[in-house]
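Enquirer: Handing you this structure, nothing more for now.
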Amino acid sequence: MNRLKAACIIIILFAACSSQPETEIPEEIAALENLTVFPADSEPSMTINLEPAGSFGDTDEVIIGNLFGFVADHSGRVFIADGSENTIHAYNPDGSYLQSLGREGGGPGEFQGIGSLKVDNEYLYAMDWNQRKLNAFSLEDFSFSHTVSMMREDHGIEELNGAYPQEYFISSDNTFLVQYGLPFTPDNLDEERSYPFYRLNQEGEFISDQVLSIRAPEILYNSSGPMIMFSPFGRRSILRTANDDRIVTAWLEDFLIKFYSPDGTYEKAIYYPYKKAALDRDQVVNRYEDERMRRVIRNADAPDTWPALNSIIVDDENRLWVSTIPDDDEVYDWWVLNDGGELLARFPWPREKYISEITNGSLYTRETEEETGLVEVVQYRIELM
């Protein structure tokens, strides 16, 4: 079957199951194998309710200088990375303070640039982007366990020369899927960039060829001065992993999500023909105080619309939580999908209440307390009915 016939069949199927007028699907999307197209007017099969259940942040024992990131473990304890102190703060499920883990320094269990936190059944892992390593702490007694190098000098992979680890994901076999990037230089600003992923073991050894790569975010730069910034117009890639180690990716331009096996083999894709919100360049410029950034944005080629998507989260039941960008710039529109792409629930959510963790039947957000201006983690219990 050629690409044109495939596109026609998908359009016909879509029109047959939707009351909306026929919607044309971009050819490069229609040509994908194992593509499931859902109607834009799909109705959710369930309703959702989110009830506040607790908060985690400053206490009598600790003041957080910079809430860099956080994670919740399987028992409901919350761990917050403090970027100012290069340490981790641990909390009981009820929000009471437990203790700190790690500290500033260059030794085992110490940080010079604390990064993202992840958990499995045994360990809390914390990235140190400056030292290019992971520190692992026991979830049983919070003691430091071991270090995992994310860039051993003997890696022997040419494309990773000069690269640095950016993100990582823990697999069920205790290996890591690690994303790498190259620094920007005057010679590569105009190149189309990508982020490769490799699999590492607990000893920091590369145990795979490149698993897959994703397209790097678009950048803007000032050719007359040293100003480089990621495009504020939102085009970027997202990669997440599921409990069964399958890989989920999306380029946020379209409501198109691709699924891969753990070894990077393409399996399927789902697509919703989402109508994108109009983009106002002046509105984007006004978000920035730095005049150099404002000037770069004014001079950039701006698209007419925002991308369809803002973020994707895969929860511990392998449901997809997808935020889309509506015309209302105060909220994101969240879609809850099963692993087949079918719409379970849909709800608006304030943009300033940033959702970044969904596990144990709870949704965790990063929020700023109105009265004090302090940043905290807030937990909401999920009720799907």
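The values are calculated or read from the model by the stated rules, or taken from the named source; none is laboratory data. Remember, it's a predicted structure, so these values are computed and weren't measured experimentally. So basically every Cβ, Gly included, is an ideal-geometry build from the backbone, and we count neighbours across all protein chains shown. Calculation scope for accessible area: heavy atoms of the full protein, side chains included, ligands and nucleic acids excluded. Shrake-Rupley method; radii C 1.70, N 1.55, O 1.52, S 1.80 Å.
Enquirer: Residues being open to solvent by 10 Å² or more (accessible area, probe 1.4 Å) and farther than 22 Å from Leu239 by Cβ: count how many of those fall in segment 127-184.
Expert: The qualifying residues number 18.
Enquirer: Looking at (1) polar (S, T, N, Q); (2) at pLDDT below 95; (3) open to solvent by 70 Å² or more (accessible area, probe 1.4 Å), which is the only condition Asn188 fails?
Expert: Tallying (1) polar (S, T, N, Q); (2) at pLDDT below 95; (3) open to solvent by 70 Å² or more (accessible area, probe 1.4 Å), Asn188 fails exactly one: (3).
Enquirer: Do we have Ile88 as aliphatic (A, V, I, L, M), part of a strand (DSSP E or B) and either closer than 28 Å to Asp315 by Cα or open to solvent by less than 10 Å² (accessible area, probe 1.4 Å) (or both) here?
Expert: Yes; evaluated as a whole, the condition is true for this residue.
Enquirer: Suppose we keep only residues that are in contact (Cβ under 8 Å) with a residue 60 or more places away in the chain and hydroxyl-bearing (Ser, Thr, Tyr) within segment 268-321. Which one would you say is farthest from Ser171 (Cα to Cα)?
Expert: Tyr274
Enquirer: Same structure again: Would you check which residues across segment 347-356 are of a type outside the set (A, V, I, L, M, F, W, C) and more than 16 Å from the chain's Cα centre (by Cα) and list them? Step through it out loud before you land on a result.
Expert: Residues of segment 347-356 that are of a type outside the set (A, V, I, L, M, F, W, C), as a first pass: 348, 350-354, 356.
Scanning segment 347-356 gives Pro348, Pro350, Glu352.
Enquirer: Further question on the same structure: So Ile358 passes all but one of these: (1) closer than 27 Å to Val119 by Cβ; (2) surrounded by fewer than 18 Cβ atoms within 10 Å (Cβ to Cβ). Which condition number does it fail?
Expert: The one condition Ile358 does not meet is (2).
Enquirer: For residues in segment 313-349 being at pLDDT 95 or above and among the acidic types (Asp, Glu), which is least open to solvent (accessible area, probe 1.4 Å)?
Expert: Once the filter is applied, the top-ranked residue is Asp315.
Enquirer: Moving on. If you scan segment 299-346, which residues turn out to be of a type in the set (Val, Ile, Thr) and over 20 Å from the mean Cα position of the chain (by Cα)?
Expert: Step one: of segment 299-346, the residues of a type in the set (Val, Ile, Thr) are 305, 312-314, 322, 324-325, 331, 336.
Thr305, the sole residue that qualifies.
Enquirer: Something else about it: What's the number of the only condition in (1) part of a loop (DSSP other than H, G, I, E, B); (2) open to solvent by 60 Å² or more (accessible area, probe 1.4 Å) that Glu253 fails to meet?
Expert: Among (1) part of a loop (DSSP other than H, G, I, E, B); (2) open to solvent by 60 Å² or more (accessible area, probe 1.4 Å), Glu253 violates only (2).
Enquirer: Something else: So, in segment 91-114, exactly how many residues are outside any loop (DSSP other than H, G, I, E, B) and surrounded by 20 or more Cβ atoms within 10 Å (Cβ to Cβ)? Show your work before the answer.
Expert: If we filter segment 91-114 for residues that are outside any loop (DSSP other than H, G, I, E, B), which is where we start, we get 91, 97-101, 103-104, 110-111, 114.
Filter once more, so that each one left must be surrounded by 20 or more Cβ atoms within 10 Å (Cβ to Cβ): 91, 101, 111, 114.
Final tally of qualifying residues: 4.
Enquirer: Name the single residue, out of those in segment 323-335 being in contact with an Asp or Glu (Cβ under 9 Å, 6 or more places away or on another chain) and not in a loop (DSSP other than H, G, I, E, B), that is nearest to Asp244 (Cα to Cα).
Expert: Per the criteria, the residue is Ser323.
Enquirer: Those residues that are loosely packed, with under 15 Cβ neighbours inside 10 Å and either closer than 13 Å to Phe169 by Cβ or touching a His at 6+ places or on another chain (Cβ under 9 Å) (or both), I need them from segment 203-247; list them, please.
Expert: Glu205, Asn243, Asp244, listed by residue number.
Enquirer: Let me ask something else about it. Which members of segment 40-63 meet the condition of being touching a residue at least 60 places away in the same chain (Cβ under 8 Å) and open to solvent by less than 20 Å² (accessible area, probe 1.4 Å)? Spell out how you get there, then give the answer.
Expert: Filtering segment 40-63 down to residues touching a residue at least 60 places away in the same chain (Cβ under 8 Å) leaves 40, 42-58.
Result: Phe56, Gly57.
Enquirer: Take segment 46-66 and flag every residue that is of a type outside the set (D, E, K, R) and more than 18 Å from Ile358 (Cβ to Cβ).
Expert: Taking segment 46-66 first, the residues of a type outside the set (D, E, K, R) are 46-50, 52-57, 59, 62-66.
Of everything in segment 46-66, those that are of a type outside the set (D, E, K, R) and more than 18 Å from Ile358 (Cβ to Cβ) turn out to be Gly57, Thr59, Val62, Ile63, Ile64, Gly65, Asn66.
Enquirer: Could you check, for segment 279-287, whether at least one of its residues is touching a strand residue (DSSP E or B) at 6+ places or on another chain (Cβ under 6 Å), open to solvent by less than 40 Å² (accessible area, probe 1.4 Å) and more than 28 Å from Thr36 (Cβ to Cβ)? Can you show your working first?
Expert: First, the residues of segment 279-287 that are touching a strand residue (DSSP E or B) at 6+ places or on another chain (Cβ under 6 Å): 279.
Pick out the ones that are also open to solvent by less than 40 Å² (accessible area, probe 1.4 Å) and you get 279.
Imposing the further condition that a residue be more than 28 Å from Thr36 (Cβ to Cβ) reduces the set to 279.
The answer is yes; a qualifying residue exists.
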